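The values are calculated or read from the model by the stated rules, or taken from the named source; none is laboratory data. Since the structure is predicted, the reported quantities are computational estimates derived from the model, not experimental observations. Here the Cβ positions follow ideal geometry from the backbone for every residue, glycine too, while neighbour counts run over all protein chains shown. The area values use the complete protein model at the heavy-atom level, side chains included, leaving out ligands, DNA and RNA. Shrake-Rupley method; radii C 1.70, N 1.55, O 1.52, S 1.80 Å.
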Amino acid sequence: MKLRPVTMADADFLLELKNDPEVRRWAIISHDEIKKENHLFWLRKKLLEDVRFFILVEGQDKLGDLRVEADREISVRIVEKFRGKGYASKALNSIAGSVYAKIVEGNIASMNLFTHNGFKFFDYREGVYYLKRP
Ligand SMILES: CC(C)(COP(=O)(O)OP(=O)(O)OC[C@H]1O[C@@H](n2cnc3c(N)ncnc32)[C@H](O)[C@@H]1OP(=O)(O)O)[C@@H](O)C(=O)NCCC(=O)NCCS
């Protein structure tokens, strides 16, 4: 598996991934389905920002995405059929430096992912756990 930078050609893949039921369920800001026009606006803007944004790929398959925001918040999403195979762990470990994650209370898969990969709890606010990797 490797990480390659996102381009606008990944827009449809990313929209489908963001609208995956598990991804929407554990989203922090809104659980609503994301509309294509809003997604395209968001993606164009994101690609101009100081963000590390990657697609996880293996051969011809796109497995998911990983993003590190300018404030060092890291997030990762894996396509349903590729979950539970260690891809998110590998992706996290390929990112160097200090990063933090926000995990909605009850998101067991995400909590296990981050705690099993060196992230430590440092805050809890309004139903969201904050974990960081020094
Ligand atoms: C959270 C998510 C990224 C995990 O991706 P993944 O590739 O399946 O994770 P991994 O296979 O690397 O598993 C990491 C650890 O979490 C555990 N885990 C993964 N899915 C789990 C689940 N559904 N229930 C319990 N534990 C789970 C694994 O057993 C593994 O533990 P281990 O290190 O002891 O083996 C994936 O489930 C996903 O995309 N969920 C929807 C989006 C989301 O919640 N993203 C996180 C927000 S930052």
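Using θ = phi - 60° in the Karplus curve 6.51 cos²θ - 1.76 cosθ + 1.60, the 3J(HN,Hα) couplings for segment 109-116 round to 4, 5, 4, 5, 3, 6, 5, 7 Hz; x is entered for Gly and Pro.
Computed about the Cα centre, the dipole magnitude for the chain is approximately 360 debye when only Lys and Arg (+1) and Asp and Glu (-1) carry charge, each at its Cβ.
Which percent of the Cα-Cα distances in segment 1-72 go past 13 Å? Tail fraction, whole percent: 67. Which residue, 121, 95, 42, has the largest displacement toward the positive end of the dipole of the chain when charges sit on each Cβ (Lys, Arg +1; Asp, Glu -1)? Sorting the options by dipole projection puts first 95. Applying 0.36 nm per residue to the separation of residue 9 and residue 124 and subtracting their alpha-carbon distance, the gain on full extension is 37.7 nm. With contacts taken as Cα pairs under 8 Å and at least 6 residues apart, segment 51-123 reaches a relative contact order of 22 percent. Residues in the chain average 60 Å² of solvent-accessible surface per residue, probe 1.4 Å, ligands and nucleic acids excluded.
Here the alpha carbons of segment 27-134 define both size measures, Rg and Dmax, at 14.2, 40 Å. Our coupling estimate for segment 38-55, obtained by passing each phi through the Karplus curve with A = 6.51, B = -1.76, C = 1.60 and θ = phi - 60°, is 5, 5, 5, 4, 4, 5, 4, 5, 4, 6, 9, 8, 7, 10, 8, 9, 10, 9 Hz, Gly and Pro reported as x. Solvent-accessible area assigned to carbon and sulfur over segment 1-107 amounts to 50 percent, based on a 1.4 Å probe. Rounded to the nearest 20 debye, the dipole magnitude of segment 67-134 is 320 debye, with +1 charges on Lys and Arg beta carbons, -1 on Asp and Glu beta carbons, and the Cα centre as origin.
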